[in-house]
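Please read the structure below before turning to the comments.
Just so you know, all these numbers are worked out from the coordinates, no wet-lab data involved. As the structure is a prediction and not an experimental result, all values here were calculated from the model. With ideal geometry, Cβ positions are generated from the backbone for all residues, glycine too; neighbour counts draw on all protein chains shown.
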Amino acid sequence: TRRYLRSKPPSLSQDIRSTPLPDPSIRPRRNSSPFFRDMSIMRRMEIAADSLYKAKLIRGFCHLYDGQEAVAVGMEAAITKRDAIITAYRDHCIFLGRGGTLVEAFAELMGRRAGCSKGKGGSMHFYKKDAEFYGGHGIVGAQVPLGCGIAFAQKYSKEDTVTFAMYGDGAANQGQLFEALNMSALWDLPVILVCENNHYGMGTAEWRAAKSPAYYKRGDYVPGLKVDGMDTLAVKQACKFAKEYVLKNGPMILEMDTYRYHGHSMSDPGSTYRSRDEISGIRQERDPIERVRKLILYHELATAAELKDTEKEVRKGVDDAIAQAKESPMPDPSELFANVYSKGLGTVAFGADRKVLKATLP
Amino acid sequence: TRRYLRSKPPSLSQDIRSTPLPDPSIRPRRNSSPFFRDMSIMRRMEIAADSLYKAKLIRGFCHLYDGQEAVAVGMEAAITKRDAIITAYRDHCIFLGRGGTLVEAFAELMGRRAGCSKGKGGSMHFYKKDAEFYGGHGIVGAQVPLGCGIAFAQKYSKEDTVTFAMYGDGAANQGQLFEALNMSALWDLPVILVCENNHYGMGTAEWRAAKSPAYYKRGDYVPGLKVDGMDTLAVKQACKFAKEYVLKNGPMILEMDTYRYHGHSMSDPGSTYRSRDEISGIRQERDPIERVRKLILYHELATAAELKDTEKEVRKGVDDAIAQAKESPMPDPSELFANVYSKGLGTVAFGADRKVLKATLP
Amino acid sequence: KEITVRDALNSALDEEMAADPKVFLMGEEVGEYQGAYKISRGLLEKYGPDRIRDTPITEAGFTGIGVGAAYYGLKPVVEFMTFNFAMQAIDHIINSAAKSNYMSAGQITVPIVFRGPNGAAAGVAAQHSHCFAAWYASCPGLKVLAPYSSEDARGLLKAAIRDPDPVVFLENELLYGESFPVSADALDSNFCLPIGKAKIEREGKNVTITAFSKMVGYALEAAEILSKDGISAEVINLRSIRPLDRDAITSSVKKTSRLVTVEEGFPQHGIGAEICTVVNEECFDYLDAPVERIAGADVPMAYAANLERMSVPQVDDIVRAAKRACYRSVPVA
Amino acid sequence: KEITVRDALNSALDEEMAADPKVFLMGEEVGEYQGAYKISRGLLEKYGPDRIRDTPITEAGFTGIGVGAAYYGLKPVVEFMTFNFAMQAIDHIINSAAKSNYMSAGQITVPIVFRGPNGAAAGVAAQHSHCFAAWYASCPGLKVLAPYSSEDARGLLKAAIRDPDPVVFLENELLYGESFPVSADALDSNFCLPIGKAKIEREGKNVTITAFSKMVGYALEAAEILSKDGISAEVINLRSIRPLDRDAITSSVKKTSRLVTVEEGFPQHGIGAEICTVVNEECFDYLDAPVERIAGADVPMAYAANLERMSVPQVDDIVRAAKRACYRSVPVA
Ligand SMILES: Cc1ncc(C[n+]2csc(CCOP(=O)(O)OP(=O)(O)O)c2C)c(N)n1
Ligand SMILES: Cc1ncc(C[n+]2csc(CCOP(=O)(O)OP(=O)(O)O)c2C)c(N)n1
Ligand SMILES: [Mg+2]
Ligand SMILES: [Mg+2]
């Protein structure tokens, strides 16, 4: 238990002057309990999604986040809903973190009307614009320049907000990331590049994809921190620090050392390119939820029974949400032609057989 | 004059073990005279191209190399014609360095049959496959992965040859460069990334385009040398060193500190974003041809009169080549449909009016 | 009054930037260099470096940044030095810009303009001469405009900037320096042209000629020549490739019963192919002759002047095709 | 004997790699993971990591490397996990691969195959469902193939690898697991299909249906249904989109006088548009009815199952269009 009491100090890629580094000795406070609850909800949601997929209620690509919950939750604890987040396809929990509901999430996963994208986006394309969540992107790497662009707009609009652009270790090799980082540094954009290093890009271990897997050192002219991404508190501190830093100085990189328990997506058993021992070792030693549970118990912020109750509630909440989501109907067929444009100009658009299916775009 | 006698030692981005660094004290030898001659030919060719452009005998984009001759000539002195070179659109002198003739160059510039690409490529697309020169590419950055691919093929074919992939300071920011460098390092490809840093990408000074203009440090996990690119001998040594190094260890970067005298292309006077003083200062202090002239004279490898004679010969050679190139006819109209494919499969291809112009592709 | 297409574009940018502080311009050499083709001349001085943003030569990165800024609500105008280079960024144009409104069920709007010269210029060879009109216009979520005259350039660029959706705006380098008469109306800062509407540049009754961008000029020249032979050609300047103004095309063909399509791009899956198909679908029974398709030669663009000339439609080609459509006998070359 | 399309592709790769040491495969997860869709299963073990090359997720970079290797004389097969991701690399496919032979007047040949699943799969939404057939097929210098059956897959992939020019090879994820009967001939390691030739999958005399990839199966189903109504449909499996087998199409239409084109991609500037135009150009007088175009709906692909189904052609759509072409009365939905 002892080892949970202190967060690992972050590694630093280069000297950052004049801003104090995150202090790893900060103790958990009352607010650790929401961490437990929020991560439990996320975990439960992802496990339920797995079942729904197997029951063929979810189709296509579905990328689960269990194991990485501390990143989403720690980050949210450090920022406000006016700060923006953008991520890749592994987006369900980021959406919850932004205040999205379980019903919206499950309905989207099942392609229903009540989904956060009305069923049109699916697993990879969750959005919550009213809480500055910009998706949910399917093309590896693309969300990073997009996130830098959001930060560009924040700065242009003279807001004091920042953008967190999240990407994986596989995405970290994408050229557009270097291009966007260079411009962000030239223009002092308030953007934090959050590399969620779960050590695999699909079936490829980081060292097979990157000559230098020290992702926090990537932009040599931009400072980077390597953070224990299984430790909510460490993540929170790093994000708080980063937010302050980038508002004054321009971009920085946070590399979150984390892990995904599930395979890459539902077609990947996730056990051919890594050993079961590796997975179970991390579950036992570094699980983010267990870490918080132990912290809470050690500091007597709640009892074991109380936490069990929380878990029960969470389970019920998830089950209820699924039931509710299932009641939501499929999108109305007229949705086929909605949102092609925000201003359709009265254009006529066609279905597969244009003589029988067409619509005037509003 | 003194300052020409010793080449500037190259700067090193990281420790390279076990291969001795290029020795800056190496003295010029008899072979400095060809340097003078070759660079004079290049200089003269480019100046003649300028006139031909103004006389409307050359059309479209035309990027001149004068000022940068030491890079082309120094590099060639270090390697063989079995080593490969690929570059961007500023390619006339690289072509000459590979053994291309002035007639082929001028004919190509004027879009004539005798051109090295039969007039179909123009200024930006010179090639000399039989001497392993792979062009002449118009899209900024693209030639770098292409060059890494040539190196891939060299290694795959178990040749002991290397590829020099040349690009500008502007191109150095392109993401595909980082992608290709990462793979080259992962796979130990025998490729040298030669950044010809002439300090401007079109009208943009390097520091306006790059947060960190230390291009030789770009791939932090790949060693880089910064070389005086106005000094043939320094270039030659660095390339010799690099060739040996990459054959054993995989990629490295050579940043050549150089300068282009002309504007970016013929539509750019080249004087709005840099001062005339800057240009004339470099001409006076660092001109690669004058440097070699002084070296030759100091070491008494030739007399001033002999060098003047060489220059006269060069001038005549260039004039003759132009005259000859002008005699070459335009490509035969049938060339329109040649080389679309290497195997045309008997496909019928059409001209603008398909009812009157078509051809069966061989 | 006459103004050049360059000045038309410049004034449109200027006015829209003056009217809406959310509009900004980004791209290579747009600021200190005043634009590679001087479209943004004077704007840096007027609007400063925050709104006229010089970028490094990193199309994928800056296009992504532009699209991200549009997600947030700004109205970026992204200049590509030419559209050839936009291929490095096309994933952002298609996947990040065109599809986001749909995928987010309307939450994310993407008010952005991608503009720059498209297609063939003079003597710039294969890599710098590609026409991308058909590629972009095939994609739902994008609007694709291609101005011909100064009035087009002004009215369509202003419309594009004001439009809440991503617009691909295809200019033509060879037209930048051309002057066209403009009405007083068109010089007003409120002037704007509708997206999705073609313009009948010249009325006629024997044959319809559709064209866009530089080819409109050629089509008009051809119409002039045809008129001397007693053929009255109606010239349609498409202006908008997506949405395509099917009504304008079919109404004209219903009148003339003959159609020649003209474009500089490659023929296969091109603009002419779509127009021919639309006409087939919507007014098959009106056609008195096969549709004649005039297009770029189906080969990469060569540098040599003679081959280059053979690679793009000439006025003669249009005249000949129109005569064929009208069943005039023509000697075959 | 029946084999799946997956095994057909796998065996074609295997045989060509065995036959020519210059052939190698590169792409994401092609090696240790055995292919994202298991097309390269077993090949790493057989040919080793030098010839089965796992790459990072850097499409622009590795495509450029592949093209460079082809310049030198190797014969790379570049796998895109899907063609959607090839947009990051499309500049290399067009500018570096397709145009180099021409620009160098034949000095540089580019014997490379770009392959992977193209177009819609199931439940993968807008960014993962784009059909790029028309884009690539518009570009001179490229050859573009789209197999339907296992025999197509084997014969065309082997042809593509042997061909000295850049070939874009468009597979379909939903067909990988489908089994097709194959002749003994087609299992021979010398088997190869000609590039540029379509296949008459089913002969008929009342209406021609053109299709490629997955839609060939739908067209065959439609033909079966139509036959019950006394309509004899000829189904053409295009196989090659560029070169397009104009002769096969026009010969068939000259016989049937009616044409339905089917594709999953977007309609505007699509495969159907080109085919309609070719028919208009080459056998206008033979057409007894307007060409019917069946294509993907002109909207981004939605995730929801009902909308997804509406976004791609169904067998019913083809049947209805064919009947319309044959002037059968059909109720309008
Ligand atoms: C440009 C592109 N190439 C390939 C893919 C297919 N793909 C989807 S996710 C993925 C792995 C990404 O790994 P990483 O960035 O580490 O993120 P993680 O999945 O581990 O969260 C790949 C190859 C894609 N979506 N986009
Ligand atoms: C992808 C791309 N974007 C833009 C251009 C237009 N362009 C041609 S050369 C050039 C400047 C390149 O500068 P640098 O790399 O420093 O090379 P230099 O011209 O100085 O040799 C630009 C912007 C291009 N050819 N390709
Ligand atoms: Mg990962
Ligand atoms: Mg430069």
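Distances between copies of D:Ala18, taken at a point 7 Å out from Cα along the Cα→Cβ vector and listed shortest first: 7.5 nm. Report summary: the helix-based calculation at 222 nm, which adds -39500 (n - 2.57) for every DSSP H run with n ≥ 4 and divides by the residues of chain C, gives -10000 deg cm²/dmol. Within the listed set D:Val260, D:Val78, D:Val299, the Gaussian network model of chain D (springs between alpha-carbon atoms below 10 Å) gives the highest mean-square fluctuation for D:Val299.
Relative to its residue count, chain D spans a Cα convex hull of 130 Å³ per residue. Peptide A:208-215 has a mean of 6 when you count, residue by residue, the C-beta atoms of other protein chains within 10 Å of its C-beta. Between B:Ala84 and B:Val162, B:Thr163, B:Phe164, the built amide H atoms are under 5 Å apart, and every one of these is 5 or more places off in sequence or on another chain.
Quote the relative contact order of chain D in percent (integer), defining contacts as alpha-carbon pairs under 8 Å separated by 6+ residues.
Details: 739 pairs, mean separation 50.8, N = 333.
The normalised contact order for chain D reaches 15 percent.
A simple charge model with +1 on the Cβ of Lys and Arg, -1 on the Cβ of Asp and Glu and nothing else charged puts the dipole of chain D at about 460 debye relative to its Cα centre.
Can you sort A:Thr80, A:Thr161, D:Thr256 from fewest to most other Cβ atoms within 10 Å of each residue's own Cβ?
Working: A:Thr80 11, A:Thr161 20, D:Thr256 23.
Starting with the residue having the fewest Cβ neighbours, the order is A:Thr80, A:Thr161, D:Thr256.
Modelled this way, with points 7 Å down the Cα-to-C-beta line, the labels at A:Lys54 and B:Lys8 are 6.6 nm from one another. Modelled label positions at A:Asp277 and C:Lys197, each set 7 Å beyond Cα in the direction of Cβ, lie 7.4 nm from each other. Closest approach of a chain A Cβ to the axis relating A and B (residue, whole Å): A:Gly175, 1. Among A:Glu313, A:Glu104, the order by Cβ neighbours within 10 angstrom, fewest to most, reads A:Glu313, A:Glu104. Shown for D:Tyr286: label points 7 Å from Cα along the beta-carbon vector, and their distances to the equivalent points in the other copies, 2.7 nm in ascending order. Given +1 at the Cβ of Lys and Arg, -1 at the Cβ of Asp and Glu and no other charges, the dipole of chain B around its Cα centre is 220 debye to the nearest 20.
Send over the Kirkwood Rh of the protein assembly as shown, from the inverse of the averaged 1/r over different Cα pairs, rounded to one decimal Å.
Details: mean 1/r = 0.0310 Å⁻¹.
It works out to 32.3 Å.
Apply the a/c threshold of 1.5 to the C-alpha gyration tensor of region B:182-233 and tell me whether it is rounded, prolate or oblate. In terms of gyration-tensor shape, oblate.
Couplings 3J(HN,Hα) for region B:339-348, derived from phi with the Karplus relation 6.51 cos²θ - 1.76 cosθ + 1.60 (θ = phi - 60°), are 6, 5, 10, 7, 9, x, 6, x, 4, 8 Hz, where x marks Gly and Pro.
Report the antiparallel proportion of the DSSP beta bridges in region C:1-128 as a percent, rounded to a multiple of 5. Please list the in-between numbers first.
Numbers: 0 of 11 bridges.
Close to 0 percent.
In sequence order, region C:137-146 has phi-based couplings of 6, 7, 9, x, x, 9, 10, 10, 10, 9 Hz under the Karplus curve 6.51 cos²θ - 1.76 cosθ + 1.60, θ = phi - 60°, and Gly or Pro positions carry x. For C:Ile209, the residues whose amide H sits under 5 Å from its own are C:Glu234, C:Val235, C:Ile236, C:Val260, ignoring neighbours fewer than 5 places away on the same chain, with H placed 1.01 Å from N. Over chain A, Cα pairs under 8 Å with separation of 6+ residues give a relative contact order of 22 percent. For region C:199-325, the normalised intensity computed at q = 0.10, 0.13, 0.14, 0.21 Å⁻¹ comes to -0.27, -0.46, -0.53, -1.18 (log10 of I(q)/I(0), Debye sum over alpha carbons, equal scatterers, no solvent). The residues B:His264, B:His63, when put in order of fewest to most other Cβ atoms within 10 Å, stand as B:His63, B:His264.
A 25 angstrom limit on the alpha carbon distance is what I want to check against. Which of B:Lys118/B:Lys308; B:Lys343/D:Lys197; A:Lys128/A:Lys211; B:Lys217/B:Lys240; A:Lys211/B:Lys226 exceed it? Beyond 25 Å between Cα atoms: B:Lys118/B:Lys308; A:Lys128/A:Lys211. For the protein assembly as shown, a crude dipole built from +1 on the beta carbon of Lys and Arg and -1 on the beta carbon of Asp and Glu, taken about the Cα centre, is about 1240 debye to the nearest 20. In nanometres and ascending order, the distances from the A:Tyr298 label point to those of the other copies are 6.8 (point 7 Å from Cα along Cα→Cβ).
Report, to the nearest 10°, how far helix C:214-228 tilts away from the longest principal axis of the Cα atoms in chain C, using its own Cα long axis and a range of 0 to 90°. Roughly 20 degrees, rounded to the nearest 10.
Of the residues A:Gln14, A:Met39, A:Met256, the one whose Cα sits farthest toward the positive end of the charge dipole of chain A, with +1 on the Cβ of Lys and Arg and -1 on the Cβ of Asp and Glu, is A:Met39.
The residue among C:Asn118, D:Leu157, A:Ala234 whose Cα reaches farthest toward the positive pole of the charge dipole of the protein assembly as shown, with charges on the beta-carbon of Lys, Arg, Asp and Glu, is A:Ala234. For chain A, what is the calculated [θ] at 222 nm in deg cm²/dmol (nearest 500), taking -39500 (n - 2.57) for each run of four or more DSSP H residues and dividing by its residue count? Computed mean residue ellipticity for chain A: -12500 deg cm²/dmol.
Can you pick out the pairs among D:Lys1/D:Lys214; B:Lys81/D:Lys158; A:Lys120/C:Lys254; B:Lys54/B:Lys312 whose Cα atoms lie more than 29 Å from each other? Before the final figure, lay out the partial values.
Values: D:Lys1/D:Lys214 21 Å; B:Lys81/D:Lys158 34 Å; A:Lys120/C:Lys254 39 Å; B:Lys54/B:Lys312 23 Å.
Where the Cα-Cα span goes over 29 Å, the pairs concerned are B:Lys81/D:Lys158; A:Lys120/C:Lys254.
At a Förster radius of 60 Å, what calculated FRET efficiency corresponds to the Cβ-Cβ distance of B:Glu306 and A:Lys316, to the nearest 0.05? Write down the numbers at each step before the final one.
Values: r = 96 Å, r/R0 = 1.60.
Efficiency for this residue pair is about 0.05.
Amide hydrogen proximity for A:Leu254: with H placed 1.01 Å from N in the peptide plane, the residues at 5 or more positions away or on another chain lying under 5 Å are A:Leu193, A:Val194, A:Cys195, A:Leu225.
DSSP finds beta bridges in the protein assembly as shown, and of those with both partners inside it, around 25 percent are antiparallel. Taken one residue at a time, the phi angles of region D:306-318 give Karplus couplings (6.51, -1.76, 1.60, θ = phi - 60°) of 5, 5, 4, 4, 6, 8, 10, x, 10, 4, 3, 4, 5 Hz. Gly and Pro are set to x.
In this rough spin-label picture, where each label sits 7 Å from Cα along the Cβ direction, the B:Thr80-D:Tyr286 distance is 6.0 nm. Residues considered: A:Arg260, A:Arg276, A:Arg218. Largest GNM mean-square fluctuation over chain A, using C-alpha springs under 10 Å, is found at A:Arg276.
Please give the average number of partner chain Cβ atoms lying within 10 Å of the Cβ of each residue in C:82-89, rounded to a whole number. Working shown, then result.
On the way: counts 0, 0, 5, 6, 1, 10, 18, 6.
Per-residue shielding by partner chains comes out at 6.
Let me know the shape class of region B:323-362, please: from the alpha-carbon gyration tensor, a ≥ b ≥ c as square roots of the eigenvalues, rounded when a/c is under 1.5, otherwise prolate if a/b is greater than b/c, or oblate. Taking the square roots of the gyration eigenvalues as a ≥ b ≥ c, region B:323-362 is oblate.
Note: relative contact order over region C:199-325, using C-alpha pairs below 8 Å and six or more positions apart, is 28 percent. Projected onto their three principal axes, the Cα atoms of chain A cover extents of 69, 52, 39 Å, largest first.
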